[in-house]
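The values are calculated or read from the model by the stated rules, or taken from the named source; none is laboratory data. On a predicted model such as this, the values are computed, not experimentally measured, just so you know. Cβ placement follows ideal geometry from the backbone for every residue including glycine, while neighbour counts extend to all protein chains displayed. When the accessible area is computed, the model is the full protein with side chains, heavy atoms only, and any ligands, DNA or RNA have been set aside. Shrake-Rupley method; radii C 1.70, N 1.55, O 1.52, S 1.80 Å.
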Amino acid sequence: MNIEDEQYERLVVELRLDVVLKERGMTQKELAELTGIRPAAISQITRGFVDRLNLDHIGRIATALKIDDIRELMTLQLESEVWNMSTVKEQGEYLKEKNEKEPPK
């Protein structure tokens with residue numbers, strides 16, 4: 001049986017690195033220097049423009065930011081909540097507002 005055969009709504013990963021950096025008062029450049037990750041890769045993760053996440057990168061980012069709960073860096077959202085907006089800009093604004101209103105538990 002395929003999960004798509006069931007009546008489950010698809011979940012998407014919502015990256016929160018932009019929020020975490022802001023909370024920590026840290027720049028993308030500083031994070032890149034601490035982790036050894038290319039600044040372009042940090043920028044893509046921060047903006048949520050990634051198709052795949054490198055688990056080594058997530059580990060290095062979490063270590064550098066002293067994060068022990070992965071929900072600080074990423075959460076799961078119902079696809080309908082995220083992608084029902086008509087433009088990418090609206091989607092980004094929605095996610096930013098939601099992150100600021102609902103910090104991780």
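Would you call residue 53 open to solvent by less than 70 Å² (accessible area, probe 1.4 Å) and closer than 21 Å to residue 93 by Cα? Step through it out loud before you land on a result.
On the way: open to solvent by less than 70 Å² (accessible area, probe 1.4 Å): yes; closer than 21 Å to residue 93 by Cα: no.
For residue 53, the condition - open to solvent by less than 70 Å² (accessible area, probe 1.4 Å) and closer than 21 Å to residue 93 by Cα - is not met.
Return yes when residue 95 is surrounded by 11 or more Cβ atoms within 10 Å (Cβ to Cβ), touching a strand residue (DSSP E or B) at 6+ places or on another chain (Cβ under 9 Å) and modelled with pLDDT of 85 or more and no when it is not. Steps first, please.
Values: surrounded by 11 or more Cβ atoms within 10 Å (Cβ to Cβ): yes; touching a strand residue (DSSP E or B) at 6+ places or on another chain (Cβ under 9 Å): yes; modelled with pLDDT of 85 or more: no.
No, not satisfied.
Among the residues of the stretch 35-59, how many are within 15 Å of the chain's Cα centre (by Cα), within 16 Å of residue 18 (Cα to Cα), of a type outside the set (S, T, N, Q) and not in a loop (DSSP other than H, G, I, E, B)?
Selection size over the stretch 35-59: 6.
Conditions: (1) open to solvent by 40 Å² or more (accessible area, probe 1.4 Å); (2) modelled with pLDDT of 75 or more; (3) more than 15 Å from the chain's Cα centre (by Cα). Residue 32 meets all but one. Number of the miss?
Failing condition for residue 32: (1).
Step by step: first the residues of the stretch 72-92, then only those that are at pLDDT below 70 and hydroxyl-bearing (Ser, Thr, Tyr), then the one that is nearest to residue 58 (Cα to Cα). Which residue is that?
For the stretch 72-92, the residue satisfying everything is 87.
Using beta carbons and a limit of 7 Å, which pairs, at least six apart or on different chains, have the first residue in the stretch 55-71 and under 16 Å from residue 42 (Cβ atoms) and the second one of a type in the set (Lys, Arg)?
65/24
The rows are residues; the columns are (1) touching a residue at least 12 places away in the same chain (Cβ under 8 Å); (2) open to solvent by 70 Å² or more (accessible area, probe 1.4 Å).
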| site | (1), (2) |
| --- | --- |
| 7 | no, yes |
| 11 | yes, yes |
| 22 | no, yes |
| 38 | no, yes |
| 41 | yes, no |
